[in-house]
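Please read the structure below before turning to the comments.
The values are calculated or read from the model by the stated rules, or taken from the named source; none is laboratory data. Bear in mind that the values here come from a model prediction, so they are computed numbers and not experimental data. All Cβ positions, even for glycine, are placed from backbone atoms using ideal geometry, and neighbour counts span all protein chains on display. Protein only, heavy atoms only, side chains kept; ligands, DNA and RNA dropped before computing areas. Shrake-Rupley method; radii C 1.70, N 1.55, O 1.52, S 1.80 Å.
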Amino acid sequence: MSAADIRIRSLRAPKPAVNPYIAHGSVVEEERRPDRTGAGPSLRSGRQSSIRSRRQVERALTIFLAGAECPFTCSFCDLWRYTIDGPTPAGALPTQIAAVLGTLDASAPRPDRLKLYNASNFFDRRAVPAADLPRIAELAASFSGVTVESHASTIGPSALEFARRLSGRLEVAVGLETIHPLAAAQLNKQLDLGVFDSGARWLADNGIDLRVFVLLGAPHVPASESVEWTVRTVEYAAQRGASVVSIIPVRGGNGETERLAALGHFAPPTLSQLEEALDRCLALTGTAVTADLWDVALLRACDYCQDARVERLRRLNISGVPEPRIACAECEAS
């Protein structure tokens, strides 16, 4: 463990107790996908399988899984709170997934996509035991798309092996975070652009979709440049084939972000910055760019118009069609 790892971990609050056999929760929501035409390789047969019929908006079930902590200690991360000490027990993840699937409303339309977010790396065998992969694939059999998350450096043959087990198409979500050169080097993520680019090419060559997470308000990016670097990073991901890019405002509260804020190296992002970043990215073609609205109420904003502005972002996430900003007399008067 590096000195930076030790410092970041020492500033954390005590980790809450986590039961590895019970998922943290789940949500079903509509999600915009890019308009795509043409064909992609069929992993099972080697033949070309058309993706012309992919709908622009699909229903996605996200399951927030409990399991082993990520081995990387990023300065901005708060997902360690949802992990256990030690490796994920064999059988725990299938138990969590099956339990959530069993609660789905049989009278509602079946979700198109299953997103398995384990607050770690799906292809790290400490986090997802190899013995569980066949059962996980069975549980995912009714979904046309399956999304898992991974550090770019853990993408490789194990991803292809899992993709071949699936009935639907695999998508791997990767945190690019920022391409700001100083900030990227200070995040303690152990990721450079060469590693990201290599992972993106490998996924494309093997018929696996790429989803990318980009930070708004990344530590060490000046607040006045935050939106600009977020947009540049989204464009970088789109140029490397990302199907979906999610803009995630950095959340404080992990100890390290507070330390950086005291030093002037971190400023919590605002709702206005999130609006501007998404508005500027909607023109991208071939990539669906959305704003992550988890804990959006924590973003600094005007009390009078915040709800309306958040609802506008929700509409933009689904439609991808630009809308005028919300007018607010209180904002204009301040």
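General observations
- Accessible surface of the chain [probe 1.4 Å, protein heavy atoms]: carbon and sulfur percent: 53 percent
- Residue with peak Gaussian network fluctuation, the chain [Cα springs, cutoff 10 Å], from Gly241, Gly86, Gly252: Gly86
- Test item: Cα-centred dipole of the chain, Lys/Arg +1 and Asp/Glu -1 on Cβ, debye: 1020 debye
- When each of the peptides 67-74, 95-102 is scored by the mean number of other C-beta atoms lying within 10 Å of its residues, the order from highest to lowest reads 67-74, 95-102.
- Nearest-10 value in Å² for the accessible area of Thr103, using the 1.4 Å probe: 100 Å²
- Whole-angstrom gap from region 222-271 to region 60-134, using each part's C-alpha centre: 25 Å
- Accessible area, probe 1.4 Å, largest first, for residues Trp202, Trp294, Trp229, Trp80: Trp294, Trp202, Trp229, Trp80
- The chain, accessible area per residue, ligands and nucleic acids excluded (1.4 Å, Å²): 45 Å²
- Sorting Phe122, Phe213 by solvent-accessible area of protein heavy atoms yields Phe213, Phe122, largest first, with a 1.4 Å probe.
- Kirkwood estimate for region 74-173, i.e. one over the average of 1/r between Cα atoms, Å: 14.3 Å
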